[in-house]
Every structure is written in structure tokens, then in C-alpha cells.
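A short reminder: the numbers here are calculations on the coordinates, not readings from a lab. Quantities reported herein were computed from a predicted structural model and do not represent experimental measurements. Note: ideal-geometry Cβ built from the backbone for every residue, glycine included; neighbour counts use all protein chains shown.
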Amino acid sequence: MDTTELATSPSRADLVARAAQLVPTLRENAFWAEENRQLHEGTVKAMAEAGLLRTRLPARLGGYESDMRTQVEVLAELARGDGSASWTAGVWSISAWVAGLFPDAVQDEVFASPDDLVSGIISPTAMAVPAKGGIVVNGRWAFNSGAKHSKWNTNAAVLAMEDGSFQPVMTLIPLASLEIDDDWHTAGLRGSGSVSTVAHEVFVPEGWYIPLGGILEGHGGHGSNADALIHRAPIMPTACATVSATALGLAKGAKDVFFERLPGRKITYTEYTDQSQAPLTHLQVAEAAVKIDETEFHVYRIADLVDAKNASDEPWTLEERARVRLDTGAACLRAKEAVDILNTASGASSVYTHVPIQRIERDVQTLNLHAVMHPNTNLELYGRIMCGLAPNTQYL
């Protein structure tokens, strides 16, 4: 790794400050994004110009290779303005990180322009068969956030080997080779544009697919930057830290917008002409604040663990991997509880679509339903490990 390039990367404080400066723009564009079910071009441009979409790109190709704590703090700031913008930026960062595991020649083409975006899915919902010089892929990947704005797609598939066995692989395919099914009609995170992509007899040449097993286990890189600190980790702790940041930012954003509307508000059909004077309000905002602090604890614990393990290069234990999933679920649950409290305290006028709290409520509910983030699923998984049972998933 060329450390002179890393030395020129922006500091954590700088990147977080850049993200914070974008909050008003993201919030302003959020309504358009919801109506059109994809991010506003102004939002994507603003994040790109601020360098916030380069955080997990290889340093040798113009990226910053930011550590996980930096990535988390940046995404949490973005989510204060728009959960969909934060979520999509997080998916782009994870997918760019995956692309950085491919051979150098592939990376060189994908990141020929460091502002070309990569989206992706890690669930192997497609099938592949061997072909001369590569494989042929058929299948469909749902929940493909940011695909409409992306040039490349990292997608998992199951490769049927000639000996009758099967091997999960990660592919890297140009979006131009895939069909986009615009099926993203949802209650929450509408602006993420998480459409489905479909492969019909798509040829993927050698070098443009790599074993998924190495990505799940860690140290799965095939290029000259394979031993870069950010590429030592398994994908699940990396991804969990990334997406949990959006939950944290949504909770903080709910607190922001609640207090912005508080001055001068009354509690209708009561004698309280100033909501801020009501003891009920005091209890609500204090309880929400505690839950936001708890969310932050869980999110930062994942990020700091990823950074510490990357720096030490010590192997991950099963308990550590399961605890990452636990922290992810706990962060989502606490964030939702905080948002629920503040949404309940916002009154009937908050149901209007121009009031951000109702969008935040729907976004955080959607996060809590995500298969990797679902609190109940993750609590059960960690409980199994505590009781000495084997995990019931490979996604650790």
C-alpha cells in the first residue's frame, strides 16, 4: 500500500464536517426522493463532490480507505438529513469495498473514474454455470439500493460446478448488462431506489467473479491492496457497522426535527399552551435521548471492533461475529424506540408529508425489518451462541 496516498486522505473530523454541512440539502431533497423513489441528482452530486462516496475505495485509485468509525460517523450525519441518502451511500461504500477485493485489472476498470458508483447484493439469488472464459449468470437480485445511479453491480450467485458441486461466488457486472425492474413501491426508505436487477444469460469473464467464501471469512482480496486494513475484515461485520449507522442517524434526525418544531407548539385540547412546559414532554425527550445514546453505543462498538481487529489482524471469534449481529439488531431496536417516542410526541400535524418525522418513522421501521438487521433474528442468533449451539446462518 502506498502510504503517501493515504496521508492525503481527509481526516475523520473533516469528512464528518462535510457530511454535516449537507444535512439541509439532503432534507430539502428528501421529499422529491420519496415521490420519485430514488435519490435526487442534487443529493448524489452533493455527496460525490464532498468526497463522501470515496471513503471505502482503494487509495491507489483515488479512494480514502477510511476506517470504519469514520464511515459510521459520516453515514450517521447523512441520515440526520435523509435516511435514504445515508442508506444508499452506505450500500455504495460496501459495494465499493467488495469491488476492491477483485483483481487489480478489474479494479482499474471499475474505478477508472472514482465517482462511478457500485451497488450490490450479497444474497446469492442467481445461478451461474461455467462457460468458456468465464461463467453465464441468470437470476434476480431484489433490494438493489442505488442501482439506477450506479455503473456497476456486485451480486452473489451460486455457481454449478462441472463435478456436480456448487460454489457461491461474487460477481461484478456492468449495470448496462442487467435489466432493472422498477419494483420499489414501499412504505419506507423510498428514496433509496432499491429496485431489482435481473440477469438474462449474462456472461461474466474470469477475474470478474471471486469466491464468496473468502469475502465472508475475511482476507478475501485478490488484488495488490488485498492486505489494506479495511480489506482484512469479513463482509458481515463491515456491512453491519455500515448499515447500523443509518439507524443512529435517523434517531438523531428525529430529535433534531422534534426540537425544531417544539417552540410555540401547544398540546391541543389541554391547558398546555407550550408543549415544552409539560412534564410529559420532559419524560418523552429524556427517554428518547437515553435510547439514542444506547443506539450510539451499539453502533460505535461494532465500528471500533472492526477497526481494532483490522489493525491487530487477529482472527475473529464466533462470539465476536455473533455480537456484531446482536449490536446491529439492538441499534435498530433502540433507534426505532427513540423515533417512536418523538413521533408520538409530535402531534397530529406531524402526519403531513412535509413534516420530516413521519418519514423518519417509516424509514426506521423499514430498517428494523431488514433480514440482517431484524432485532429478533439477531437476538436469537446471539442467544444460540451463548447457549453453546452452532449458529443457524453463514452470514456472520
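Using Cβ contacts closer than 10 Å as the measure, can you line up 121, 210 from fewest to most? Please report the intermediate quantities before stating the final value.
Details: 121 25, 210 21.
If I rank by nearby Cβ atoms, fewest first, I get 210, 121.
Return 332, 387 ranked ascending by Cβ neighbour count within 10 Å, so the fewest neighbours appear first.
On the way: 332 31, 387 7.
If I rank by nearby Cβ atoms, fewest first, I get 387, 332.
Build a GNM of the chain with springs between Cα atoms under 10 Å: which of 58, 168, 237 gets the top mean-square fluctuation?
Looking only at 58, 168, 237, the biggest GNM fluctuation is shown by 168.
Kindly state, to the nearest 0.05, the FRET efficiency for residue 379 paired with residue 14, given R0 = 41 Å and r defined as their beta-carbon distance. Spell out each step's value before the answer.
Numbers: r = 37 Å, r/R0 = 0.90.
Plugging the Cβ-Cβ distance into 1/(1 + (r/R0)^6) gives 0.65.
Search the structure for amide H atoms under 5 Å from the amide H of residue 203, placed 1.01 Å from N in the peptide plane, and list their residues when 5 or more places away or on another chain.
137
Pick from 95, 165, 66: which residue has the top mean-square fluctuation in a GNM of the chain where Cα pairs under 10 Å get a spring?
165
Report the paramagnetic label zone for residue 166: residues of region 366-396 whose backbone N is under 12 Å from a point 7 Å from Cα along the Cα-to-Cβ axis.
none
Along region 21-32, what does the Karplus equation 6.51 cos²θ - 1.76 cosθ + 1.60 (θ = phi - 60°) give for ³J(HN,Hα), rounded to whole Hz, x for Gly and Pro?
Rounded to whole hertz, the list is 5, 8, 3, x, 5, 5, 5, 5, 8, 5, 5, 4.
HN-Hα J couplings of region 253-267 from phi, Karplus 6.51/-1.76/1.60, θ = phi - 60°, integer Hz, Gly and Pro as x?
Along region 253-267, the couplings run x, 4, 4, 4, 6, 5, 6, 5, 8, 5, x, x, 7, 10, 9 Hz.
Using the alpha-carbon centroid of each, what span in Å lies between region 65-144 and region 309-363?
22
Roughly what percent of Cα-Cα pairs across the chain reach past 37 Å?
I get 20 percent for the Cα pairs in the chain exceeding 37 Å.
What number, rounded to the nearest 500 deg cm²/dmol, is the helix-based mean residue ellipticity at 222 nm of the chain, given -39500 (n - 2.57) per DSSP H run of at least four residues and division by all its residues? Kindly include the intermediate steps, with their values, before the conclusion.
Working: 13 runs with 196 residues, N = 396.
Mean residue ellipticity at 222 nm (helix-derived): -16000 deg cm²/dmol.
I need the semi-axes of the equivalent ellipsoid of region 118-215: take the C-alpha gyration tensor, multiply each eigenvalue by 5, square-root it, list largest first in whole angstrom.
Numbers: eigenvalues 123, 32, 25 Å².
Listed largest to smallest, the semi-axes of region 118-215 are 25, 13, 11 Å.
Just report the Cα centroid separation between region 173-228 and region 283-307, whole Å.
31
With a Förster radius of 25 Å, plug the Cβ-Cβ distance of residue 371 and residue 36 into 1/(1 + (r/R0)^6) and report the FRET value to the nearest 0.05. Intermediate results must be reported in sequence, preceding the final value.
Numbers: r = 26 Å, r/R0 = 1.04.
Plugging the Cβ-Cβ distance into 1/(1 + (r/R0)^6) gives 0.45.
Taking the beta-carbon count within 10 Å as an exposure proxy, list 208, 141 from fewest neighbours to most. If you can, show how the numbers build up before the last one.
Values: 208 21, 141 26.
Fewest to most other Cβ atoms nearby, the residues stand as 208, 141.
For region 355-370, just list the computed ³J(HN,Hα) in residue order, Karplus coefficients 6.51, -1.76 and 1.60, θ = phi - 60°, integers in Hz, with x standing in for Gly and Pro.
Taking θ as phi minus 60°, the curve returns 8, x, 4, 5, 6, 4, 4, 5, 5, 6, 5, 5, 4, 5, 8, 5 Hz for region 355-370.
So which residue, out of 89, 59, 286, gets the largest mean-square fluctuation from a GNM of the chain using Cα contacts under 10 Å as springs?
286
Nearest 0.05, what FRET efficiency do residue 348 and residue 151 give at R0 = 45 Å with Cβ-Cβ as r? Please report the intermediate quantities before stating the final value.
Numbers: r = 44 Å, r/R0 = 0.99.
Efficiency, from the Cβ-Cβ distance: 0.50.
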